[in-house]
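Just below is one structure, and these are the notes that go with it.
Please treat every number below as a calculation from the coordinates, not as lab data. Here the structure is a predicted model, which is why all the values come from computation and not from measurement. Neighbour counts are summed over all protein chains in view; Cβ atoms, including those assigned to glycine, are modelled from backbone coordinates with ideal geometry.
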Amino acid sequence: MSFGSVPILAAMAMQLLLIPTFVSSLNITNEYLHHACNNTQGKYKRGSEFEKNLNIVIKNISTFDLRNGYALDSNMKSPYLDIPPNTAFVMLQCRGDSYGPKCHSCLAEALSGLRKKCPGNKGATIWYDQCLLDISTHSSVIEVLPNRIHYDNYLCISNPKSVSGDKKVFEKKKQVFTDKLLSVINKTSSDDDTGRGPLYATGETMIGTKKFYGMLQCTNELFGSACYVCLEWLVLQHPFCAYEKQGARYLCRSCNARFEFYPFLRI
């Protein structure tokens, strides 16, 4: 079945600009979060060589077990040197609690959403609660060899509810908690000889009488050191996104984070 012809599941959508945007956070199992259509890579027509190559890659990934929640594939063999025109690359990164069958399910939903929101784009990215899907005419692995981080399409989605009590104490404890999760990411990557993942950390802490939950993740194409830099930029350098709010999601192409006063991950 061709990339441009599959029906779309209904989803809450909002056209987002390439600047920080703030919308309400909802507790939905696999909510659509954000998308970005890359117009610099051009468009393809139905039945074109690019679409045929893209369908080959999607079919290949659908046969993977996705037990580590990550896939990067192309219609050409690696190493990805002298990439010919109309080569299709697909990168899928599922959330750490959504590997295997759940990752396959999110892939299907994300693919359906991308067809609707970026029809005919050779380059596009879409974010859901449980996965990120990216299609492109070039390999992101080549670009991150020097630890290049994709900060594209930064988005903050904040919980509309403000915290009660001493807000300064809350912000201080939240930052301490974030630093601890970042240290987990650092240790995980440094214990791996390759310097790579799994670049995923979760935790919980008590703030007042309530539990506060957190999650940090990078795409597995990054090295651990770059993951730390990406997450530090994403969360700590955008404090006003979720300032005095009960929760927030932070998104960009290479990393994401979430904090809430309720559990949002599978145990």
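Per-structure values
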{"read-out": "Eligible aspartates and glutamates near Lys43 by straight Cα distance, threshold 12 Å, same-chain separation 8 or greater", "value": "Glu51"}
{"read-out": "Computed over the stretch 37-81, the ratio Rg/Rh where both radii use C-alpha atoms and Rh is Kirkwood", "value": "1.02"}
{"read-out": "Calculated from backbone phi, Karplus (6.51, -1.76, 1.60) coupling profile of the stretch 117-124 in Hz, x at Gly/Pro", "value": "7, 10, x, x, 7, 6, x, 6"}
{"read-out": "Burial ordering of Ile83, Ile185, Ile149, fewest other beta-carbon atoms within 10 Å first", "value": "Ile83, Ile149, Ile185"}
{"read-out": "Dipole moment magnitude, nearest 20 debye, the stretch 157-260 about Cα centre, only Lys, Arg, Asp, Glu C-beta charged", "value": "520"}
{"read-out": "Pairs beyond 25 Å (Cα-Cα), from Lys210/Lys245; Lys172/Lys210; Lys77/Lys122; Lys102/Lys174", "value": "Lys102/Lys174"}
{"read-out": "Integer Hz, Karplus 6.51/-1.76/1.60 couplings in order for the stretch 173-183, x for Gly and Pro", "value": "5, 5, 5, 4, 5, 4, 4, 5, 5, 5, 5"}
{"read-out": "Sorted by Cβ neighbour density within 10 Å, fewest at the top, the residues Ile207, Ile157", "value": "Ile207, Ile157"}
{"read-out": "Three-way shape label, the stretch 147-267, alpha-carbon gyration tensor, a/c 1.5", "value": "prolate"}
{"read-out": "Amide H contacts under 5 Å for Gln41, placed H, 5+ residues apart", "value": "Gly123"}
{"read-out": "³J(HN,Hα) computed for each position of the stretch 252-262 - Karplus, 6.51 cos²θ - 1.76 cosθ + 1.60, integer Hz, glycine/proline x", "value": "8, 5, 9, 7, 8, 8, 8, 9, 8, 8, 9"}
{"read-out": "Neighbour-count order for Met215, Met91, fewest beta carbons within 10 angstrom listed first", "value": "Met215, Met91"}
{"read-out": "Amide H partners (placed H, <5 Å) of Asn75, local residues excluded", "value": "Ala88"}
